Amino acid sequence: MTSDESPSGAPQRATPPHGGTPPHGGTHPQGDTPPHGDTPTGSHHAGRAGERSVAAAFALSMAAALGLAVVYWRGGQPQLEGTFLALALGGLGVGLALWARYFMPHEDVEEARKPIASTEEEIELFREEFEQGERILTRRKLLVRLAGGSLATLGAALLFPIRSLGPRPGKGFKSTPYRQGLRLVTSDGRPIKAADVAVDNVLTVFPEGHVDEGDTPTLLIRPSGTNRPRPGREQWTPDGLIAYSKLCTHVGCPVGLYQAGEHLLLCPCHQSTFAVLDGAKPLFGPAARSLPQLPLRIDAKGYVVAAGDFSGPPGPGFWDRDRP
Amino acid sequence: MSPAATPGATAATTPGATPARRRAARRRPRRSRLVTRRVARWIDERVGSASVVRTALGKVFPDHWSFLIGEIALYAFVVLVLTGTYLTFFFRASQQEVIYRGSYAPLRGVRMTEAYRSAIDISFDVRAGLVMRQMHHWAAVLFVAAIVVHLMRVFFTGAFRRPRELNWMVGVTLLILAIFNGFAGYSLLDDQLSGTGLRIAYSITLSIPVAGTWLASLLFGGEFPGPDIISRLTVIHILLIPAVITLLLVVHLALVVRQKHTQFAGRGRREDNVVGTPVWPTFMFKSLGLFLITAAVLAALGGLAQINPIWLYGPFRPAQVSAASQPDWYMGWLDGALRLYPGWELRAGGFEVPAPFFPAVLLAGVTFGLLYAWPFLEARRTRDLEVHHLLDRPRDRPVRTALGVATLAFYVVLTLSGSSDVTATTFGLSINSVLMALRIAVLSAPVVSGIVAYRLCIELQARDRARQAHRAHPEHRAGSAGDRPAGRTSAGGASVPPAALAREPRQGVGEEHQRRQQQPPAEQEPVGHEGHRGGDGERPDARRR
Ligand code: HEM
Ligand code: FES
């Protein structure tokens with residue numbers, strides 16, 4: 001901390017900093033009642049009571065610290081540790097605060113405020129000295145320019161390591177591992193037969209070999225109502241099974257809740273609601289887009305397999321999501 | 001500490017002590033003082049510290065309860081660093097998959113990352129680990145809360161005005177960093193809740209036009225969840241942001257010392273002085289007491305109040321989500337904004353700006369942008385470019401107060417919206433109607449509360465005026481005004497601009513701006529802010545001493 005008081009570092013404390021009488025304050029203003037009653041010169045009675053309360057606070061702190069040590073020693077117990085630590089710290093804190101309250105001066109002390117800005121002279125002096133140095137520099141114009149240039153080049157070159165932080169956002173952002181013929185599996189890797197999904201039930205599934213990856217969670221649903229497929233998706237729902245990406249198109253939470261009665265999917269994060277029978281279009285909430293649908297097939301062995309990738313990139317939107 | 005800095009040492013003896021005790025008491029300090037003195041001298045010969053420390057110890061801090069809030073924020077940060085350091089000894093920032101075999105039975109045999117396992121171990125198998133973890137989290141909660149309340153104090157009293165605009169901006173930066181670091185902190189643990197939060201953060205990053213995918217990829221090291229996110233967050237959380245926060249705190253406090261604290265008017269408190277308690281010893285003891293009490297409250301919370309019970313959430317799985325998952329309170333407004341903003345997005349030519357961009361990126365940008373710019377916006381509007389060291393009372397600045405209250409109302413509604421589903425289920429309402437009500441409230445509450453606040457200010461001003469008229473002592477006034485002509489060069493040769501010295505009479509606010517222009521404030525009768533002090537503003541009697 002530097003002394004901003006005066007160049008000489010002369011003491012400013014407590015005494016009125018200027019020649020005149022202060023409107024208020026001074027270290028020992030006679031006859032002024034301090035706001036908090038007792039002071040070093042206060043009454044003996046209050047002094048003793050004050051000392052007793054400070055001493056009690058410190059004693060409590062000490063006892064609690066000992067208690068804390070014992071609790072640790074005996075293996076620890078969170079509630080007791082917290083309580084003892086709180087008492088040890090609190091006793092000390094209250095003791096110090098009471099000490100200040102009972103036995104330290106409270107009368108107001110005044111300090112003058114000087115203007116913060118430098119005086120014109122100081123600025124002038126600074127400018128002169130600075131410009132003197134500057135003139136030495138600017139005599140070598142070419143060198144100044146080259147130094148600037150090399151600094152800028154170095155700065156630019158140093159930006160490149162940022163590139164190492166992550167791969168180029170390529171196709172991965174728009175596609176998932178789903179391919180024609182890839183089996184759907186549960187989270188423990190078990191492939192699924194059409195009959196495994198009961199009416200009005202929903203299963204969370206993944207492309208085989210890609211369980212628990214960021215963009216693969218899929219909902220496999222067998223709704224009791226009749227599906228109203230979008231044009232081109234008529235063949236995507238073999239045996240009454242429909243599959244949608246489980247990632248909300250809002251900000252990507254897993255759409256966890258299926259209300260079988262109304263055939264609605266509900267996102268627990270911000271309550272977006274999607275209509276299962278209408279291509280999972282959003283009915284309510286902040287999501288702007290339908291959940292991408294996964295074209296399904298049943299393979300020769302009766303397993304449910306993908307007939308391609310999702311109808312769009314799963315999860316939240318981004319700048320060029322609709323570009324090829 | 002230099003011996004010179006011990007001003008008028010208080011008598012060590014207490015009444016009623018035996019002579020022997022008293023003698024001992026006199027002797028003991030002398031011996032220890034010799035040692036202290038020698039150490040102080042040794043240091044001074046090498047550093048020349050005496051006069052500097054003396055000046056520092058003589059600094060004066062005005063007393064007001066609202067000035068303690070910033071200190072609480074500082075002390076919460078100290079607790080964060082201490083408890084956080086303890087946690088780093090045990091936390092493993094790794095996404096390596098392991099099988100849990102620790103002492104928490106329900107999770108035994110479960111596949112999880114090392115990060116999550118180490119956090120569970122801290123909670124169950126490290127002695128005092130759980131208390132430290134919970135203290136750390138509570139301290140984070142308190143840290144941000146104290147910063148926000150501190151910011152409100154500074155805003156409503158106009159403490160950000162010239163020359164303190166710079167420190168206001170440092171403060172806003174600290175708020176942003178505190179929020180970021182809190183989020184980074186609870187995202188480290190790789191439990192279900194933090195994973196969901198990270199997924200949302202990732203999606204918000206993605207929503208940024210043009211650069212979104214690049215930014216997300218660089219930040220997460222690839223597509224979500226990314227192989228490195230936990231270790232990166234750890235570096236950010238325990239090194240990068242805390243270092244910057246520490247640096248900015250130093251700047252923040254150095255500026256407070258350099259510019260000296262503001263004060264409310266009254267009782268000899270003027271633009272050209274600062275009146276309060278000196279650092280040594282009273283303020284230092286009180287402040288140290290406050291630190292310990294803050295730490296004590298956090299310890300009690302850490303021991304007795306559960307927070308973030310990650311063992312109940314389970315390890316993160318991208319396909320799962322815990323229903324009704326709530327972020328820490330300081331992220332609530334963002335979550336609420338994401339819920340209230342309808343699914344409106346911009347699409348053109350195959351490009352799109354997805355809906356979350358507006359309530360998340362844009363709203364946050366505008367919020368913090370306006371916060372940064374506020375001192376300059378206000379100065380521009382009121383044409384008030386003077387230096388101010390005396391604080392405003394909120395009622396005397398009805399427009400500012402109303403705007404502040406309206407803004408607060410907006411964010412309070414957003415924060416409430418962050419738990420709209422909980423509200424709906426608690427009160428048996430449909431989530432749709434709750435959402436609609438909140439959408440209406442977020443637009444209307446600011447307007448209504450702003451108008452109410454404005455009216456209230458005017459009302460309070462009128463009441464002050466009435467009280468003053470009732471108590472007016474014309475002789476007194478004339479005397480004091482004549483004694484010290486406002487705006488004159490004040491004591492010590494420090495010249496303060498006249499307009500800065502003058503207090504303004506309370507008037508209708510509509511004319512606030514013009515008044516400042518038309519009337520040279522120096523001409524005004526110094527009725528000042530003494531009303532709330534309960535004392536006579538100028539106290540001619542006090543000046544006799
Ligand atoms: C600057 C303000 C800081 C804030 C707001 C903050 C906030 C948080 C939060 C909310 C958590 C989650 C805690 C939990 O629920 O378990 C956390 C965890 C953690 N923090 Fe901090 N923190 C801060 C500073 C620090 C510092 C300075 C360090 C280390 C020197 C640190 C080290 C850690 C570690 C290692 C963890 C994870 C371990 C665990 O909690 O089990 N933090 N932090
Ligand atoms: S993530 Fe589904 S509604 Fe927000």
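The values are calculated or read from the model by the stated rules, or taken from the named source; none is laboratory data. Since this is a predicted model, take the numbers as computed values, not measurements. So basically every Cβ, Gly included, is an ideal-geometry build from the backbone, and we count neighbours across all protein chains shown. Remember, those area values only see protein heavy atoms, side chains included, never the ligands or the DNA or RNA. Shrake-Rupley method; radii C 1.70, N 1.55, O 1.52, S 1.80 Å.
Structure above, values below:
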item	result
Helices (runs of 4 or more DSSP H) lying entirely in segment B:84-188 (those with 2 or more residues that are closer than 19 Å to residue B:299 by Cβ and either within 14 Å of another protein chain (Cβ to nearest Cβ) or more than 16 Å from ligand 2 (Cβ to nearest atom) (or both))	B:114-124, B:129-156
Breaking point among (1) on the phi < 0 side of the Ramachandran plot; (2) surrounded by fewer than 20 Cβ atoms within 10 Å (Cβ to Cβ), for residue B:336	(2)
Any hit, segment B:32-54, residues being within 15 Å of ligand 1 (Cβ to nearest atom) and not acidic (Asp, Glu)	no
Pick from segment B:105-146, criterion aromatic (Phe, Trp, Tyr) and open to solvent by 40 Å² or more (accessible area, probe 1.4 Å), ranking: farthest from residue B:186 (Cα to Cα)	B:124
Subset of segment B:192-216 that is away from ligand 1 (no atom under 16 Å from the Cβ) and of a type in the set (Gly, Ala, Ser) - its residue that is nearest to residue A:212 (Cα to Cα)	B:203
Any chance residue B:387 is surrounded by 16 or more Cβ atoms within 10 Å (Cβ to Cβ), over 30 Å from residue B:464 (Cα atoms) and of a type in the set (Val, Ile, Thr)	no
Qualifying residue in segment B:45-55 (condition: in contact (Cβ under 8 Å) with a residue 24 or more places away in the chain, open to solvent by 70 Å² or more (accessible area, probe 1.4 Å), more than 16 Å from ligand 2 (Cβ to nearest atom) and over 30 Å from residue B:392 (Cβ atoms))	yes
Filtered residues of segment B:300-330 (kept if part of a helix (DSSP H, G or I) and at the interface with chain A (Cβ under 7 Å from one of its Cβ atoms))	B:300, B:302, B:303, B:304
Top-ranked residue in segment B:64-104 [being under 30 Å from residue B:158 (Cβ atoms) and open to solvent by 70 Å² or more (accessible area, probe 1.4 Å); ranked as nearest to ligand 1 (Cβ to nearest atom)]	B:68
Count of segment B:368-404 residues which are under 23 Å from residue B:173 (Cα atoms) and without any contact (Cβ under 8 Å) to a residue 60 or more places away in the chain	6
Residues of segment A:102-139 that turn out to be in a helix (DSSP H, G or I) and either away from every other protein chain (no Cβ under 14 Å) or open to solvent by 70 Å² or more (accessible area, probe 1.4 Å) (or both), as a count	19
Pairs with Cβ under 8 Å, 6+ apart, first in segment A:47-58 and away from every other protein chain (no Cβ under 11 Å), second in a helix (DSSP H, G or I) and of a type in the set (Phe, Trp, Tyr)	A:53/A:102
Unique residue being open to solvent by less than 30 Å² (accessible area, probe 1.4 Å), touching a Pro at 6+ places or on another chain (Cβ under 6 Å) and not polar (S, T, N, Q) when the list is B:160, B:156	B:160
Residues satisfying the stated conditions in segment B:165-212, i.e. charged (D, E, K, R) and surrounded by 23 or more Cβ atoms within 10 Å (Cβ to Cβ)	B:190, B:191, B:199
Among (1) in contact with a strand residue (DSSP E or B) (Cβ under 8 Å, 6 or more places away or on another chain); (2) within 16 Å of ligand 2 (Cβ to nearest atom) - the single one residue B:203 does not satisfy	(1)
Index of the failed condition, residue B:356 passing every other in (1) within 16 Å of ligand 2 (Cβ to nearest atom); (2) more than 7 Å from chain A (Cβ to nearest Cβ)	(2)
Condition check for residue B:219: open to solvent by 20 Å² or more (accessible area, probe 1.4 Å) and within 14 Å of chain A (Cβ to nearest Cβ)	yes
Selection within segment B:125-137 - more than 9 Å from ligand 1 (Cβ to nearest atom) and either under 20 Å from residue B:290 (Cβ atoms) or of a type in the set (D, E, K, R) (or both)	B:125, B:127, B:135
Condition check for residue A:219: more than 16 Å from ligand 1 (Cβ to nearest atom), open to solvent by 10 Å² or more (accessible area, probe 1.4 Å) and assigned to a strand (DSSP E or B)	no
Cβ pairs under 7 Å, 6+ apart, first in segment B:129-153 and in contact (Cβ under 8 Å) with a residue 12 or more places away in the chain, second more than 10 Å from ligand 1 (Cβ to nearest atom) and among the charged types (D, E, K, R)	B:131/A:81
Check on residue B:425, closer than 20 Å to residue B:329 by Cα, open to solvent by 50 Å² or more (accessible area, probe 1.4 Å) and either modelled with pLDDT under 95 or not in a helix (DSSP H, G or I) (or both)	yes
Filtered residue count, segment A:140-188, keeping only those that are within 10 Å of chain B (Cβ to nearest Cβ) and open to solvent by 40 Å² or more (accessible area, probe 1.4 Å)	8
Selected residue (only one of B:235, B:297, B:279, B:257 is more than 8 Å from every other protein chain (Cβ to nearest Cβ) and within 23 Å of the chain's Cα centre (by Cα))	B:279
